[in-house]
Amino acid sequence: MWSSRLIGGLFLAGFLVYGTGSLLVSSVVDGPTFLADVGSMQTTLALGAFLMIATTAVDIGKAVIFFPVLERHGKRTAVAYLATMIFEMALMTVGVLALLMIIPLADQAAAGQLDGDVAQSLGSLAVDANETAYQIGQLSLAFGALFLAALLYRSGLVPRWLAVLGLVGYATHMTGAATELFGLPLSLVLLIPGALFELTLAVWLLTKGFTPAAYDGPPVTVTTTQHA
């Protein structure tokens, strides 16, 4: 069952690649006057941004490989999950491109071509734009992944306790992203159940794979009983 191992590996790779990139970027843009230090840390910022964008290929690849597995049990869910993943990655890419604008801003400020305060304000705006794009993308992802978790529960592709964890995790993650957009810094706390689900799912798929009876057997269908 190579697909389950590959999907599990991509879940873990997404955490590692994006997490590393985000840490590198944060080490550069942390603080109210970060623009003055960008000149000596351009490589760190560029590498972090590259890793964050590289997550696009990882996550979309995961959704593409997942698609035929999910389609057997729910085509609409498979399409919705793939679509929300693409939308999320598009927004996150826009956010990272905004971060890359910090480099020319720092260069212009250092050369005296742009007022330092103006450059710092524009740099902070770029950081805020990335954060907003990220939260909207996560809101979209969590919404689509709710249907993914529901399908996993209904189909039996993974244990039901794991699918329930996904339902709870993505519901709280969606709430956290929404509150963050309204200025309430709750996303990091409410992200924990969803992150725990994805990490547990990744390890499960790498070690156990999908439930053979659900993966190899006929797709689950909902039947109704008609009474005369």
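Can you tell me what percent of all Cα-Cα pairs in the range 101-169 are more than 18 Å apart? If you can, show how the numbers build up before the last one.
Values: 1382 of 2346 pairs.
Summing the P(r) of the range 101-169 above 18 Å gives 59 percent of all pairs.
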Net charge over other residues, Cβ less than 13 angstrom from the Cβ of Leu10 (K, R count +1; D, E count -1): 0
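Nearest 0.05, what FRET efficiency do Leu186 and Val64 give at R0 = 35 Å with Cβ-Cβ as r?
FRET efficiency, Leu186 to Val64: 0.65.
Based on a Kirkwood Rh over C-alpha pairs, give the Stokes-Einstein translational diffusion coefficient of the chain at 37 °C and viscosity 0.692 mPa s in µm²/s.
173 µm²/s
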Gain upon complete extension [Asp117, Lys75; 0.36 nm per residue less C-alpha separation]: 9.9 nm
Centroid-to-centroid separation of the range 85-120 and the range 34-65 [C-alpha atoms, Å]: 13 Å
Integer Hz, Karplus 6.51/-1.76/1.60 couplings in order for the range 120-135, x for Gly and Pro: 5, 5, 5, x, 5, 5, 5, 5, 5, 5, 5, 5, 5, 4, 4, 5
Between 0 and 90°, nearest 10: helix 75-100 axis offset from the chain longest Cα axis: 10 degrees
Extended-chain gain in nm, criterion 0.36 nm per residue less alpha-carbon gap, Leu125 and Ala150: 5.2 nm
Protection-proxy order for peptides 142-154, 3-15, each taking the mean of Cβ atoms within 10 Å per residue, highest first: 142-154, 3-15
Leu16-Ala83 FRET efficiency (beta carbon distance; Förster radius 25 Å; 0.05 resolution): 0.50
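Bear in mind these aren't lab numbers, they're just calculated from the coordinates by the rules spelled out. If you're wondering where the values come from, they're calculated on a predicted model, not measured in any experiment. Reconstructed Cβ throughout: ideal geometry from the backbone, glycine too, with neighbour counts over all protein chains shown.
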